[in-house]
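Visitor: Attaching a single structure in structure tokens format; questions to follow.
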Amino acid sequence: SSFRPKALLALGRIALWRQERWAEAVLKEALSGLETDRDRARCLLLLAQRALLHEKTDAARAYLDQARTLALEVDDIGLQAKCRIAEGDLFRMQGQLENAQVAWQEAREMAVASGEEEVLLRLLIRRGDLNALAGQLAEAQSDFATAARGYRELQLPIREGWALLRLGRMGGDVEVLQAARTCFMTCDLAAGVAAVDAVARDPKHSLDWHL
């Protein structure tokens with residue numbers, strides 16, 4: 001039935017956010033049964049993001065090319081914007097910062113046109129990363145703080161947690177790091193909790209929680 005592939009797509013998205021090892025297998029199974037180009041594009045984009053997470057650049061490019069083609073065919077501007085963000089991430093991973101910035105700017109224009117607020121917050125995170133890289137620390141902190149507030153308003157605690165972690169990594173603010181830790185604990189995201197404890201240089205802080 002068409003229900004199972006859609007359910008697998010939803011499960012795969014959650015597994016990707018949680019960085020589960022089985023995310024890729026679930027998404028590939030979903031892809032084989034999805035019936036619409038829009039759903040296939042969403043699934044291919046998630047597979048690309050998974051490949052980027054593991055720095056598999058060739059696989060990421062192949063998935064992205066397919067996802068973007070389908071997103072164009074169904075005329076989904078919001079989905080096209082998400083594809084361009086991922087392409088920018090790929091360019092950054094390959095050391096092509098100028099190409100990354102072009103891709104992200106195009107994604108921003110698409111996100112504004114389609115009213116994709118969450119996509120704009122993703123781009124704010126990337127601008128913060130670039131500001132931090134350029135030594136513009138105040139600007140980077142402002143970007144991360146604004147993104148964290150936006151994610152809180154959209155009730156996306158995992159993304160809020162990663163934004164707060166970036167903010168806490170810059171200043172070492174104990175309260176910010178605890179807020180990030182709380183976001184991840186709320187979602188039962190062990191990888192996020194461990195990341196916060198590593199930044200806080202206290203890897204055993206949440207040992208009881210993990211157990």
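Every number here is computed from the coordinates shown, using simple stated rules; none is lab data. Quick caveat, the model's predicted, so the values are computed rather than measured. Cβ coordinates were reconstructed from backbone atoms using ideal geometry, including for glycine residues, and neighbour counts include every protein chain displayed.
Visitor: Using Cα positions and a limit of under 28 Å, work out the lysines in reach of residue 28, with same-chain residues fewer than 8 apart set aside.
Guide: Answer for residue 28, where 28 Å is the Cα cut-off: 6, 56, 82, listed by chain and number.
Visitor: What list of ³J(HN,Hα) values in whole Hz, one per residue of segment 68-85 in order, does the Karplus curve 6.51 cos²θ - 1.76 cosθ + 1.60 (θ = phi - 60°) give from phi, with Gly and Pro shown as x?
Guide: Listing the rounded values in order: 5, 4, 5, 4, 5, 5, 8, 6, 9, 5, x, 5, 4, 4, 5, 5, 5, 4 Hz.
Visitor: When the helix-only estimate is applied to the chain (DSSP H runs of n ≥ 4, each -39,500 (n - 2.57), divided by the residue count), what is the mean residue ellipticity at 222 nm, nearest 500 deg cm²/dmol? Intermediate results must be reported in sequence, preceding the final value.
Guide: Values: 12 runs with 171 residues, N = 211.
Roughly -26000 deg cm²/dmol at 222 nm, from the helical runs in the chain.
Visitor: Further question: If I stretch the segment between residue 117 and residue 28 completely, what's the gain in nm (0.36 nm per residue apart, minus their alpha carbon distance), one decimal? Could the numbers behind the result be given before it?
Guide: Numbers: separation 89, 0.36 × 89 = 32.04 nm, distance 2.82 nm.
Contour length minus Cα-Cα distance gives 29.2 nm.
Visitor: Only loop residues by DSSP count here, and only those with at most 11 other Cβ atoms within 10 Å; note down the chymotrypsin sites (Phe, Trp or Tyr not before Pro) in segment 1-40 that meet that.
Guide: Listed in order of number, the matching sites are 22.
Visitor: OK, next. Would you please put 67-74, 52-59 in order of how densely packed they are, using the mean number of other Cβ atoms within 10 angstrom per residue and starting with the highest?
Guide: On the way: 67-74: 18.5, 52-59: 13.5.
My ranking of the peptides, most packed first, is 67-74, 52-59.
Visitor: When the convex hull of the Cα atoms of segment 51-108 is projected onto a plane and the area is averaged over all directions, what value comes out in nm²?
Guide: 3.5 nm²
Visitor: Additional query: Considering the chain, what Rg and Dmax in Å follow from its alpha-carbon atoms?
Guide: Rg and Dmax of the chain, Cα atoms, are 17.4, 53 Å.
Visitor: How far apart, in nm, are two points set 7 Å out from the Cα along the Cα-to-Cβ line at residue 54 and at residue 182?
Guide: 3.5 nm
Visitor: Taking K and R as +1 and D and E as -1, what net charge do the other residues with C-beta under 12 Å from the C-beta of residue 5 add up to? If you can, show how the numbers build up before the last one.
Guide: On the way: positive: 4, 6, 28, 40, 42; negative: 29, 35, 39.
The answer is +2.
Visitor: Taking the Cα centre of segment 24-130 as the origin, how large is its charge dipole in debye, to the nearest 20, when only Lys and Arg (+1) and Asp and Glu (-1) carry charge on their Cβ atoms?
Guide: Numbers: 15 positive and 20 negative charges, 58 e Å.
Its charge dipole is roughly 280 debye.
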